[in-house]
Structures are given as structure tokens and as C-alpha cells.
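Input: one structure, supplied below.
The values are calculated or read from the model by the stated rules, or taken from the named source; none is laboratory data. Since the model is a prediction, treat every value here as computed from it, not as a measurement. No Cβ is skipped: glycine too gets one built from the backbone with ideal geometry, and neighbour counts run over all protein chains shown. Quick note on the areas: whole protein, heavy atoms, side chains included, nothing else; ligands and nucleic acids left out. Shrake-Rupley method; radii C 1.70, N 1.55, O 1.52, S 1.80 Å.
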Amino acid sequence: MDFLWLVPALPLLGSAINGLLGKRLPKPVISLVACGSVGVSFLVAAGLVLSLIQRAPEERHVVQTLFTWIAAGDFVATAEFLLDPLSAVMILVVTGVGFLIHVYSIGYMHAEDGYYRFFSYLNLFMFSMLVLVLASNFLLMFVGWEGVGLCSYLLIGYYFDRKSAGDAGKKAFIVNRIGDVGFILGILLIFATFGSMEFDGVFRQISQRFPAETGLGILTGIALLLFVGATGKSAQIPLYVWLPDAMEGPTPVSALIHAATMVTAGVYMVVRCSPIYSRAPFALEVVAIVGTLTAFMAATIGLVQTDIKRVLAYSTVSQLGYMFAAAGVGAYSAGIFHLMTHAFFKALLFLGAGSVIHAMGGEQNLLKMGGLRKHTPITFLTMVVAALAISGIPPLAGFFSKDEILWSAWAHGHPAIWGVGLVTAGLTAFYMFRLVFLTFSGEERMDEHTRRHLHESPASMTVPLVILAVLSVMGGWVGLPAWMGVNRFAAFLEPSLRFTALSEHEPASHALEAGLAVLSVAVAAFGIGAAYNLYVVRRESAQALARRFAGLHALLSHKYYVDEIYDALFVNPAVTGSREVLWKGLDVGIIDGSVNGVGRTIQGSADLLKHLQNGLVRSYASWILAGTIAALFYIYSLIRR
């Protein structure tokens, strides 16, 4: 375990090399440094996790102290990394999926300007995310938390010459800062209450002082404040609005940051803080309700989007809602399980979308695609696998993790959340196969120039697709549900939840669990069948349906007008206030007025004094005489005193 520090350090080294020397390095060397650093980091992580698994469950908790970070009076903060089952899952997902996306980026970004800058930012993000999930205290976690926010801003705005990309980067940064205010206040309240920021110290105190669930109190306040930060980072209501706009960044960025890793930071944080949330039932209900509503709302918006990346963006928001719903009903391991499987199939979907965009010469409009199946067969097959996985079709990964969430909601006494989740599963299957059918089936709707240049992506892009497709098939087999055997994934995570107050519920029938699983598969199959009927068999029916429900279609197309509402309530008043108060009042009125007043005073005095220097001897003599008289009067007044 002595090499744990290498896991985040290697990507940081890669970022430094490419950032400082990248302008003078050829692209193959830049690629080798960027991908090699993450690849070796993954190998180190895999070795450490394997070593952790070989330990007894009660010994799967290793803390590596690096150095004393802050020492101010009685307050001492150390830089420490924690490797336990929860952080082990996260570092494997981050480095494993991250490595595949780095390799994919070689082909996708090969013709882009700022190639070295892109990989430097990508490596820096990997470092920040690994610090976030390995931190053993809230203070170090916050460093990683802010680091991924910074890297998100840099990568979303990678095409900085495009106004839309710059605006999207700023929007992501500002919205996340709003959430981070709550996160900071939550951390400060933890320190004020428990006198520590170390996970072990805080959680042990909580388990001793609050042995069971509490009512509204200090833990509820802490949990809600931390969740405000999670809604920003993980794009939940009301702070989800930044993530769809973040699709302005390059597609590999969308896959890495906004599907597989960064946006899951909020879910990870809530599960890491499960000792707090499990004893704050009101806060837990808030998490469950917000997650469920976000999942449903984002899924309905995804039904009508025409930009291939925006469909996936709203799908990400929806799936994150599923994860929070799982945590909210107390199924923490189910939430992390879905986090892991989602990383596989959502990264695959985004990279597959990037392959489609690559083949289409940059086109992202689904209505201008069609018939790509024969031109991009590998992309087609892998995206179908991913779509089946996210739809919850067995035996693919998404079936096991999504079924575990739905079953947990039912078993823990939340039938409403189960019902909304079931409907959302059907909507997910519908809009994902709508995307597949509009992209790969039917007539070719692109222009002639694009049609002539359609081609499959290079091996550097398709090989990661195939590997992710395999993971999307097999990734869920580590967490088989109870009615199919032992859930080894949940058992593996148990040591990380040792301070959590797990709620008791009546043991349920395996037959009921299996029956509900069959029902969820039937709902998903219905969604797929409906998409096939509307977008393959009778395409005119989809258009007629949109015209028939024009009002609802407009509502969903405009994303419930949330952006417009935010503009009216917050953005426009802030801009107007800044213009009227700061610009016209402070800048123009006070600052410019003061400067201009000084200027006018100097100009007026100059107009008066310029008459002293007119070149006439008589004028000079008169001024000398006047000055002499004035001086004599002054001397006389002094003598009289």
C-alpha cells in the first residue's frame, strides 16, 4: 500500500510534462505521456485493489499519511489517502475508463489545435478526481472537488474561440460555485460540531453520539448543506442546468467528465457520508425525492432532443437521479453499483456518439443522420450494446444495477419512488433506441458531401468502444441480485459502511423480487418496441404525434423553460443591476465622475494660468508687480500679528 500516492501522482506528472513542454513535443510523445501516465496509474490501482481484496474484510481500511499539510495552533490537517472498498471501486472506474477515453482521444483530437493543452487538462482532471475519491478527510476532498470543477471549466471551454463554448464553461463554473457554497458551509459545520475533518474521527463520533436516526437537528443541517454541493456537481434539480450546455466541449470530455467520473462525485460524497445521512431521515427523504424527480424530468426532456450529445446529456442527468434515489432510500451499495455500470455504458454511448460525429464531419443533428449502420458497423454494434445496457435488458450490466435500485425502493417502503423509477426506465429505453434508430436505421438524410465521406473510425477509437461494450455486458455480473445468488458487490462494500445506521425492513420474497425484475424488463421492452414502431416502421406517426401534442412537445423541447425562468429571475436582474449600479452608478457616476472632475479642474486652472506665459514684457512686469505687492501685504500681516 506504500504506492497508493502514485495513483494520483502519475497523471499529475503527465499533466505537468505536457503543459510545460507540450509545445515542443511531437504529438506521438504527447499521446504517450498522457495515456501512459493514466495507464500505469490504472495498473498500480489494480494491484492495490487486488491486495486489498486479499485482506480480511475488517482490515480493508488503509490510510497512507503523506505529510502535514496545515499546522495552525491546535488545528492540524494532514494530506492522507484512504483506500477502502468504496475508494477502490472509484479509482478503478476513474483510471480504467479514463485510460480508454485517453486512448480514444488520440484519434478523435488528432487534427485539433492545442493538442498538448487538451491532454494536459485531461491529465490534470484525472489527478483532481483521484484526490477527491482517495481523500481521507473533508478538507482534502474539497481540494479535489474544486480541482475537477476547474478542469471542467477548462475542458468545456476548450474551443475558446467559440462564444457558445466560453458561455457554457462559465455557466458550469458559476452553477458549481453556487453548490459549493453549501458544501463549504457543511464542512465548516462538521468541524464546528465535531472538532475534526477526518472521516474516521467524525463518523466514529457520530456513531457514538447518535446511535440511531435523529429528528431535525445538526446532522440534518450538515446533510442538507453537503447535498447542495452534490446537486451542483452531480447536476440535480435545481442546479442541473449546466450539464447539457457542457456538451460544447470535445466529445471525449463529455464521456470522461460528464458521464463517467466528475458528475458522480456528488453520489460518491453522499455514500461516503452515509453515517450522517442514515441518521438524518429528513435529509435522506430530500435526497430520494430530488433524485427521483430529476430522473423523471430529465428523461422526459430527452424524448424530444435532436442533438445526439444533448440526448445523452439528459440521459446522464436522469441516471444520476437514479443513483441519488438509491442513496435516498438507504441502498448505498446499489447507488455505487449503478455508478460503476453507468460509467461503462454511458462512456460507451458518448464515445460512440463521437464516432458518429467523426464520420459525419462534425454533424450532431439526429434528423440529418440515418442509415449509418452499413458505414460504421463497429460503432453501431457497440452503441446497440450500450443502449440495451442502459435500458435494463438482461444479462447486460444496466439490468442488474437498475433492478437493484428499483427493488431497494420497493423493499424499503417507497412504492412511489419505485413507480416513478419504473416509468423512467421505460422512457429511458424509448429515447435511447430513438437515438439508435434515427442514427443508424432508415434512409440517409445527410447531404451528398457528407454521404461520400462516411467512414468507420480508426482503431484508436473503435478498440476502446469494443472494450467498453464488453464491460457493459459483463460489468453487472459482480452484483447479482439476491434472488439469483449472493450480491458480492454489496458484500465487498460493507466495510466502507461500518458506521452507517442501516434501516431495518421486513425480508421480502425472492419470488416478488424476481417478479418485479421481470416487470421492469417488460416496461423497457415496451419502450424499445414503441421507439421501433415510431422511428422505423411508421416514421410519419412520430411527426403526427408531435403535431398532435404540439404544446407538450414545445414544453419538452424548451426543457420546461427552466433556463428562461432562471434568466428572468436571476441572470437578467443581475446583469441589469450590474449595469445600472456598478457601471452607471459606480463606474460612470463615481469613478469616471471623479476622474473627469479632476481633469476639468486641471483644465480650468490651465486655461487661467496660460495667460502668464504670453511673451509680452509689459505683461510679465505687471505680474511681477502684482506678486511683489501681494508678498508685501503678506509680510505686513505677519508683522501686525
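When you go through 382, 428, 450 one by one, which is the residue that is modelled with pLDDT under 95 and β-branched (Val, Ile, Thr)?
Numbers: 382 fails: modelled with pLDDT under 95; 428 fails: modelled with pLDDT under 95.
Sole residue among the options that is modelled with pLDDT under 95 and β-branched (Val, Ile, Thr): 450.
Test of understanding: among 49, 93, 63, 89, which residue is β-branched (Val, Ile, Thr) and open to solvent by 50 Å² or more (accessible area, probe 1.4 Å)?
On the way: 49 fails: open to solvent by 50 Å² or more (accessible area, probe 1.4 Å); 93 fails: open to solvent by 50 Å² or more (accessible area, probe 1.4 Å); 89 fails: open to solvent by 50 Å² or more (accessible area, probe 1.4 Å).
The match here is 63.
Only residues in the stretch 157-175 that are farther than 13 Å from residue 243 by Cβ count as the first member; pair them with residues that are open to solvent by 70 Å² or more (accessible area, probe 1.4 Å) and at pLDDT below 90, Cβ under 7 angstrom, at least 6 apart or cross-chain, and list the lot.
Cβ pairs passing all conditions: 166/160.
Right, something else. Go through the residues of the stretch 472-495 one by one and say whether even a single one is acidic (Asp, Glu) and out of contact with any helix residue (DSSP H, G or I) (no Cβ under 7 Å at 6 or more places or on another chain). Spell out the reasoning first.
Just the residues of the stretch 472-495 that are acidic (Asp, Glu), to begin with: 494.
Checking the rest, the ones that are also out of contact with any helix residue (DSSP H, G or I) (no Cβ under 7 Å at 6 or more places or on another chain) come to none.
No, the conditions are met nowhere in the stretch 472-495.
Quick one: would you say residue 167 is under 19 Å from the mean Cα position of the chain (by Cα), crowded, with 16+ Cβ neighbours inside 10 Å, among the charged types (D, E, K, R) and modelled with pLDDT of 90 or more? I'd like the intermediate steps shown before the answer.
Numbers: under 19 Å from the mean Cα position of the chain (by Cα): yes; crowded, with 16+ Cβ neighbours inside 10 Å: no; among the charged types (D, E, K, R): yes; modelled with pLDDT of 90 or more: yes.
Criteria not met by residue 167.
Being over 25 Å from the mean Cα position of the chain (by Cα), of a type in the set (A, V, I, L, M) and not in a loop (DSSP other than H, G, I, E, B) is the filter here; which residues of the stretch 380-408 pass it?
Residue satisfying the conditions is 381 alone.
Name the helices (runs of 4 or more DSSP H) wholly inside the stretch 515-572 in which the number of residues that are open to solvent by 50 Å² or more (accessible area, probe 1.4 Å) and either touching a Pro at 6+ places or on another chain (Cβ under 9 Å) or polar (S, T, N, Q) (or both) is 1 or more.
Once the helices (runs of 4 or more DSSP H) in the stretch 515-572 are filtered for at least 1 residues that are open to solvent by 50 Å² or more (accessible area, probe 1.4 Å) and either touching a Pro at 6+ places or on another chain (Cβ under 9 Å) or polar (S, T, N, Q) (or both), what remains is 539-548, 562-566.
Conditions (1) of a type outside the set (Gly, Ala, Ser); (2) more than 30 Å from residue 102 (Cα to Cα); (3) assigned to a loop (DSSP other than H, G, I, E, B); (4) more than 18 Å from the chain's Cα centre (by Cα), marked per residue:
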position: 180; (1), (2), (3), (4): yes, no, no, no
position: 186; (1), (2), (3), (4): no, yes, no, yes
position: 208; (1), (2), (3), (4): yes, yes, no, yes
position: 222; (1), (2), (3), (4): yes, yes, no, yes
position: 243; (1), (2), (3), (4): yes, no, no, no
position: 252; (1), (2), (3), (4): yes, no, no, no
position: 255; (1), (2), (3), (4): no, no, no, no
position: 259; (1), (2), (3), (4): no, no, no, no
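Return only the number of the condition from (1) over 26 Å from residue 58 (Cα atoms); (2) out of contact with any Ser or Thr (no Cβ under 7 Å at 6 or more places or on another chain); (3) in contact (Cβ under 8 Å) with a residue 40 or more places away in the chain; (4) surrounded by 24 or more Cβ atoms within 10 Å (Cβ to Cβ) that residue 127 does not satisfy.
The number of the failed condition is (2).
Take the stretch 58-110 and flag every residue that is of a type in the set (D, E, K, R), under 16 Å from residue 48 (Cβ atoms) and touching a residue at least 12 places away in the same chain (Cβ under 8 Å). Even if it seems obvious, please write down each step before you answer.
First, pick out the residues of the stretch 58-110 that are of a type in the set (D, E, K, R): 58-60, 74, 80, 84.
Okay, now just the ones that are also under 16 Å from residue 48 (Cβ atoms), so 59-60, 80, 84.
Of everything in the stretch 58-110, those that are of a type in the set (D, E, K, R), under 16 Å from residue 48 (Cβ atoms) and touching a residue at least 12 places away in the same chain (Cβ under 8 Å) turn out to be 60, 80, 84.
Can you confirm whether residue 330 is modelled with pLDDT under 95 and surrounded by fewer than 24 Cβ atoms within 10 Å (Cβ to Cβ)?
no
Inside the stretch 275-298, can you point out the residues that are in a helix (DSSP H, G or I) and of a type in the set (S, T, N, Q)?
Of all residues in the stretch 275-298, those in a helix (DSSP H, G or I) come to 275-277, 281-298.
Result: 292, 294.
Scan the stretch 346-387 for residues that are farther than 16 Å from residue 309 by Cβ and either open to solvent by less than 10 Å² (accessible area, probe 1.4 Å) or in contact (Cβ under 8 Å) with a residue 24 or more places away in the chain (or both) and jot them down.
Quick first cut of the stretch 346-387, residues farther than 16 Å from residue 309 by Cβ only: 370-371, 373-378, 380-382, 384-385.
Once the filter is applied, which keeps residues that are farther than 16 Å from residue 309 by Cβ and either open to solvent by less than 10 Å² (accessible area, probe 1.4 Å) or in contact (Cβ under 8 Å) with a residue 24 or more places away in the chain (or both), the stretch 346-387 yields 370, 371, 373, 375, 376, 377, 378, 380, 381, 382, 384, 385.
Of the conditions (1) within 30 Å of residue 58 (Cβ to Cβ); (2) in contact with a Gly (Cβ under 9 Å, 6 or more places away or on another chain), residue 474 clears all except one; give me its number.
The one condition residue 474 does not meet is (2).
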